Amino acid sequence: MVRLFVALDLPSQVRERLRLLTGAKLPGARWVPPENMHLTLRFVGEVDHGRADDIDAALAGIAARGFELTLEGVGAFESGRRLQALSLWAGVVRNPALEHLRAKVESAVVRAGCEPERRKFSPHVTLARLDQPDPAKFGAWLHANALFRLGPVAVEHFTLFSSRLGRDGAHYTAEADYPLGQRALQ
Ligand code: 3AM
C-alpha cells in the first residue's frame, strides 16, 4: 500500500519566501519545513500498487495549460478530528485555471477507481499545525502576516506525491511529474 496525494510542488524561491512566515514563537506550532510545502489538489490516501498505477496513468492523460498563481494572505482551518487543533496556511488568489486543473485531477482520480471528494476545494499552502492555540498569539501571527502576497508564480507541471508518516513528521516523495501545456498568452 502507498499513501498518495496530488499537488503543485512550489519552486524553491517560493518555499523560501513562505519560510519567512514560519518559525514565529507560537506555542504548540509544528511548522512545515520548506521542502514539504506544496498546494494539495487532491488527497488520495492509502491505495494498493495496482490502483496507484491506474492513478498515475489517469493523471498522465490530463491535458491542461500551465498558468500563473499568486499567493495572498494567511488564515487558519480547524483541523481534523482533534479538538483545539488548527492548521495555518497561506491563501491563493482566486484562479479559474487552478480550479480547472483541480477538476481534471478529481475526475482522473475517480476514473482510476477512487471515491469522489465531497469536500469543497479550498486552495492553500499549509505552513503549520497548531495544537491548543493561544488565541492572542495566534491572532497576532494572523495580523502580522495579513498583507502577505507572493507571485505570480508559473505553474508548469503538477505532481503525484507519496507520503510516509514518520516519528519526526511526514516525508513526501515526488513519484511522478505531469507537464502542463504552454500557457495562454495574456
Ligand atoms: O496540503 P495540506 O497540508 O492541507 O493535511 C494533509 C495535506 O494537506 C492532507 O493531505 C495533504 C498531504 O498530506 N491529508 C492527510 N490526511 C488526510 C485525510 N485523511 C488529508 N486530507 C484528507 N483526509
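Assorted remarks:
- The residue of region 34-62 that is farthest from the ligand (Cβ to nearest atom), among those that are touching a helix residue (DSSP H, G or I) at 6+ places or on another chain (Cβ under 8 Å) and in a loop (DSSP other than H, G, I, E, B), is Gly61.
- Filter result for the condition that a residue is within 13 Å of the ligand (Cβ to nearest atom), of a type in the set (A, V, I, L, M, F, W, C) and over 19 Å from Ala7 (Cβ atoms), over Leu86, Leu147, Leu127: Leu86
- Residue in region 25-42 that is among the β-branched types (Val, Ile, Thr), at pLDDT 95 or above and over 19 Å from Val105 (Cα atoms) present: yes
- Residues of region 152-180 satisfying the condition of being among the small types (Gly, Ala, Ser) and either within 13 Å of the ligand (Cβ to nearest atom) or surrounded by fewer than 11 Cβ atoms within 10 Å (Cβ to Cβ) (or both): Ser162, Ser163, Gly166, Gly169, Ala170, Ala174
- For region 137-150, the condition of being modelled with pLDDT under 95 and not in a helix (DSSP H, G or I) holds for none of the residues.
- Residue pairs meeting the criteria (Cβ under 7 Å; at least 6 apart or on separate chains; first within 19 Å of Ala144 (Cα to Cα), in region 7-31; second among the hydroxyl-bearing types (Ser, Thr, Tyr) and in a loop (DSSP other than H, G, I, E, B)): Trp31/Thr22
The values are calculated or read from the model by the stated rules, or taken from the named source; none is laboratory data. Just so it is clear, the model here is predicted, and its values are computed rather than measured. Here the Cβ is made from the backbone with ideal geometry for all residues, glycine too, and neighbour counts use every protein chain on show.
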